[in-house]
Amino acid sequence: MAQRPTREQAWNLLCEHVPSENLRRHALAVEAVMRHIARQRGEDEEAWGLVGLIHDVDYEEHPTEHLQHTEALLRDQGWPEELTRAVLAHGWGICTQVEPKTPMEQTLYAIDELTGLVAAAALVRPSKSVLDLPVKSVRKKWKDKAFAAGVDRSVIQNGADMLGVELAQLIGDTIEGMRGVAAQIGLEGQG
């Protein structure tokens with residue numbers, strides 16, 4: 001049976017393959033949201049956090065083949081199948097055929113793109129902070145298809161539907177999770 005890596009091992013692996021500060025910040029944001037939602041649901045916060053942290057480990061090295069190299073990389077590192085599958089499932093219908101089935105997989109699928117929308121919405125506020133970002137501001141930006149046009153809103157909505165949660169709740173949970181790492185992800189604002 002594969003052994004779960006430590007958070008430090010996951011971070012080191014990420015840094016080895018992801019030199020971009022922006023992509024590392026995204027990984028930290030997704031990790032924080034995954035941990036927040038796991039705590040709320042009484043799930044395994046450590047497992048959920050690891051999956052959130054490592055989910056884009058191959059993106060920078062293989063942007064046109066995202067997730068095509070991840071399975072072998074994580075397997076070589078001894079990652080458990082459950083965590084590897086969750087990472088692969090976040091690309092369902094985009095770059096993998098691994099359908100999100102578990103709450104951990106569905107949550108990662110739903111919030112990966114959403115963290116980008118939340119970050120963009122925070123950065124256009126006068127405070128440039130996620131700390132005072134209301135859900136209604138993100139909802140307003142959601143409707144503006146030109147805003148953060150690279151964010152696939154259909155993936156987020158599909159993920160919310162899979163989880164059986166309202167979009168507003170998912171946005172609120174994402175904001176709340178990101179607030180806990182606002183300084184590390186550059187969204188603490190200009191205080």
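The values are calculated or read from the model by the stated rules, or taken from the named source; none is laboratory data. Since the structure is predicted, the reported quantities are computational estimates derived from the model, not experimental observations. Using ideal geometry, Cβ is built from the backbone for each residue, glycine included, and neighbour counts are taken over all protein chains shown.
Table: residues versus (1) modelled with pLDDT under 95; (2) over 25 Å from GLY180 (Cα atoms); (3) among the aliphatic types (A, V, I, L, M).
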{"site": "ALA10", "(1), (2), (3)": "no, no, yes"}
{"site": "PRO19", "(1), (2), (3)": "no, no, no"}
{"site": "ASP44", "(1), (2), (3)": "no, no, no"}
{"site": "LEU53", "(1), (2), (3)": "no, no, yes"}
{"site": "ASP56", "(1), (2), (3)": "no, no, no"}
{"site": "GLU82", "(1), (2), (3)": "no, yes, no"}
{"site": "VAL87", "(1), (2), (3)": "no, no, yes"}
{"site": "ILE94", "(1), (2), (3)": "yes, yes, yes"}
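Here GLU81 meets each of (1) more than 20 Å from ARG35 (Cα to Cα); (2) touching a residue at least 40 places away in the same chain (Cβ under 8 Å) with one exception, condition (1). If you check GLY91, GLY42 for being closer than 20 Å to LEU170 by Cβ, under 14 Å from the mean Cα position of the chain (by Cα) and free of Cβ contacts under 8 Å to residues at least 40 places away in the same chain, only one passes: GLY91.
Give the number of residues within the range 107-130 that are of a type in the set (Val, Ile, Thr) and surrounded by fewer than 18 Cβ atoms within 10 Å (Cβ to Cβ). So the count comes out to 1. Tell me yes or no: at least one residue of the range 139-153 is part of a helix (DSSP H, G or I), of a type in the set (A, V, I, L, M), touching a residue at least 24 places away in the same chain (Cβ under 8 Å) and closer than 27 Å to TRP92 by Cβ. Scanning the range 139-153 turns up no residue that is part of a helix (DSSP H, G or I), of a type in the set (A, V, I, L, M), touching a residue at least 24 places away in the same chain (Cβ under 8 Å) and closer than 27 Å to TRP92 by Cβ. For the range 86-106, the tally of residues that are polar (S, T, N, Q), surrounded by fewer than 24 Cβ atoms within 10 Å (Cβ to Cβ) and closer than 13 Å to MET162 by Cα stands at 1. One residue stands out among those in the range 60-85 that are buried (at least 21 other Cβ atoms within 10 Å of the Cβ) and hydroxyl-bearing (Ser, Thr, Tyr): the one that is farthest from CYS15 (Cα to Cα), which is THR84.
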